[in-house]
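Input: a single structure, listed below in structure tokens.
Derivation of every value follows stated rules applied to the coordinates shown; laboratory data play no part. None of the values given here were measured: they were computed from a predicted structure. In this analysis, Cβ positions are derived from the backbone assuming ideal geometry, glycine residues included, and neighbour counts consider all displayed protein chains.
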Amino acid sequence: MKHKFLEIARQTLPERAVDDRVNDYQEYAMRLSDEAVKEQAERCMDCGTPFCHVGDLIGQETIGCPIHNYIPEWNKLVTKEDWLGAYHRLMETNNFPEFTGRVCPAPCEGSCTLGISEEPVAIKSIERTIIDRAFENGWVTPRTVKQRTGWTVAIIGSGPAGLAAADQLNQMGHHVTILEKADEAGGLLMYGIPNMKLDKEVVRRRVRLLEAEGVRIRTGVNVGVDVSVDALRKEFDAVIFATGAQKQRTLGIEGDDASGVEMAMDYLTASMHERKGEALAPRYDAAKKHVIVIGGGDTGADCVATAIRQGAASVVQFGKHPSKGILRGVDRPWPLQPDTLTTDYAYAESLAVYDEDPRTYLIRSNRILKESDRVVGIETEQMKKIVNPDGQASFFAIENSTQVYPADLILVAIGFERPEQELRRIGVEKTKHFHTVQDNVFVAGDARRGQSLIVWAIREGREVAEEVDSFLNTCQERLKTSS
Ligand SMILES: Cc1cc2nc3c(=O)[nH]c(=O)nc-3n(C[C@H](O)[C@H](O)[C@H](O)COP(=O)(O)OP(=O)(O)OC[C@H]3O[C@@H](n4cnc5c(N)ncnc54)[C@H](O)[C@@H]3O)c2cc1C
Ligand code: SF4
């Protein structure tokens, strides 16, 4: 048992064969055997000061698990084959481990002490196994709320932040109603993250549980259009805006109004609607098309994987930054994420289907070329990145590096706007720490932090719930003293 980390190699969840999985939209990650997961948990050193669960920011960087999962503790329970104990310990800090166990980028692993000298513990794979096993064994059942407080809370938005806040407040005994403008709950878990990363039945299963526990969910309600913030403030004792930060940045270059230039979120959402049996509009169908994805991030990668499944003739992804290194850079010491070059699912698929990594680096898109208003190509320039001694980066175009890529479909995935303007448009003005200028209106999740991660959204949901609960308790005290 001692020093298992010296004997056992890291093993994460196996993946389906690439040439098989590109034919469907089912999840690409599979399960490990219980025995293999137990061995992986045995690699945990049970450090005196575990950094994996610190969960804070150094600058903009997340160190460890933002929801402070008790990782060494559930690892130990798994080594003892106490899967039920591990499940209960996991649920103390994480409302939705079935989401994070599938799609969290696992900052915990970047901060794992073993990672200083060896490969880190496969924390995310262990987490997913614990929760999947709990569902399979029937341990995850609706928890009855024994006593209701009588207070009512409206939550606008049903992404992970809204759902986590709803779960917490409902268990505290408050009456919770979620208002969601989409036709189905889940936020980006439902419309955004593709099915091959996170099966939508996994999202629906959790939504059904919350409803069975008493959370009311009203879909198809666009707050600010169908109902005003003032009306909600009158109807409910507290209102939380967990509306995300989904407004995408636009290209703003010549020709970007051509038909065939689409926003990544519209494209991914259309693909999800197709999974639900709706017809896919031809503009969102990459079949036989030469596809360019502008933006080197995860949203871009999800577009690559979707275009491959639709049967694109070719897919190229433009990144603004240089390629990452194979090894952790000197500027990224532990416990920062190593941020090395990895071949994520979409890139492995591109290599298998087209024999090419779709990623190109240091590319600036200058002009979209069109014929009769339809995109036919894109003109780019190769850039050079120079970092000055203060760490400030500048980009310069390399002379005579202009290149034209043929394109029938261009997907724009260059990031998201800050959420403030969208909130103001609805009538919400943020102040600080989850509060707004109106005393019973709160903000959480991407709507507060900007586009982030599911694990941060869960943390925000949990923290705003605490804030709302103490606000309602103050109201209770005021009522008592005035009566
Ligand atoms: C393509 C893509 C892939 C991603 N992949 C990952 C990943 O692999 N791992 C990871 O950790 N993170 C990932 N993220 C980020 C992650 O999904 C978000 O950080 C997270 O979902 C934010 O949660 P949220 O609840 O704050 O907001 P959202 O999930 O954006 O939910 C907000 C909800 O509010 C609703 N809403 C907005 N305005 C109104 C209104 N006026 N009235 C009613 N409802 C409204 C929206 O319809 C939406 O359902 C990804 C993001 C994208 C775009
Ligand atoms: S939620 Fe993410 S950061 Fe936290 S333990 Fe799980 S994989 Fe790691």
Under the Cβ-under-4.7 Å rule, which cysteines of the chain stay unpaired? 44, 47, 104, 112, 303, 475
Largest-first principal axis extents, alpha carbons of the chain, Å: 78, 61, 51
Rounded to the nearest 0.05, what FRET efficiency do residue 228 and residue 201 give with R0 = 25 Å and r taken as the Cβ-Cβ distance? Could you check? 0.10
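Quick one: length gained pulling residue 331 to residue 432 fully straight, 0.36 nm per residue minus the C-alpha distance?
Stretched out fully, the residue 331 to residue 432 stretch lengthens by 33.2 nm.
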Given R₀ = 25 Å, FRET efficiency for residue 369-residue 323 by Cβ-Cβ distance, to 0.05? 0.40
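Run through region 410-459 and list the trypsin sites (Lys or Arg not before Pro) located in a DSSP loop whose Cβ has at most 16 other Cβ atoms within 10 Å. Before the final figure, lay out the partial values.
On the way: sites: 424, 425, 430, 432, 448, 449, 459; in loops: 432.
Taking region 410-459 and a limit of 16 other Cβ atoms within 10 Å, the loop trypsin sites (Lys or Arg not before Pro) found are 432.
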Need one word for region 261-412: rounded, prolate or oblate. Basis is the Cα gyration tensor (sqrt eigenvalues a ≥ b ≥ c); a/c below 1.5 gives rounded, then a/b vs b/c decides. oblate
Under 13 Å by backbone N from the virtual spin label 7 Å along Cα-to-Cβ at residue 439, the residues of region 449-468 are none
Describe numerically, in nm with one decimal, the distance between label points set 7 Å from Cα along Cα→Cβ at residue 298 and at residue 421. 2.5 nm
Charge dipole (debye, nearest 20) of region 261-412; +1 at Cβ of Lys and Arg, -1 at Cβ of Asp and Glu: 120 debye
Does region 19-87 come out rounded, prolate or oblate, given a ≥ b ≥ c as the square roots of the eigenvalues of its C-alpha gyration tensor, rounded meaning a/c under 1.5 and, failing that, prolate meaning a/b above b/c? oblate
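Chymotrypsin sites (Phe, Trp or Tyr not before Pro), restricted to region 126-214: which are DSSP loop and have at most 16 other Cβ atoms within 10 Å?
Numbers: sites: 135, 139, 151, 191; in loops: 139, 151, 191.
The qualifying sites are 139.
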In whole Hz, with x marking every Gly and Pro, tabulate ³J(HN,Hα) for region 359-365 from phi via Karplus 6.51 cos²θ - 1.76 cosθ + 1.60, θ = phi - 60°. 7, 10, 10, 6, 10, 10, 8
Once normalised by the length of the chain, the mean sequence separation of its alpha carbon contacts under 8 Å that are 6 or more apart gives a contact order in percent of 17 percent
Can you tell me the FRET efficiency between residue 218 and residue 483 if r is taken as the Cβ-Cβ distance and R0 is 25 Å, rounded to the nearest 0.05? 0.15
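Distance cut-off 27 Å, Cα to Cα: go down the list 80/197; 124/200; 181/370; 234/480; 4/197 and report the pairs above it.
Working: 80/197 30 Å; 124/200 19 Å; 181/370 35 Å; 234/480 21 Å; 4/197 31 Å.
Cα-Cα > 27 Å for 80/197; 181/370; 4/197; rest within.
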Region 314-348 residues near the modelled residue 47 label - backbone nitrogen below 15 Å, point 7 Å along Cα→Cβ: 333-338
Checking region 31-127 for trypsin sites (Lys or Arg not before Pro) in a loop per DSSP with at most 14 other beta-carbon atoms within 10 Å yields 80
Need the full-extension length gain, residue 35 to residue 398, defined as separation in residues times 0.36 nm minus the C-alpha distance. One decimal, nm. 125.3 nm
Run lengths n ≥ 4 of DSSP H only: what is the helix-derived mean residue ellipticity at 222 nm for the chain, with -39500 (n - 2.57) per run over all residues, to the nearest 500? -10000 deg cm²/dmol
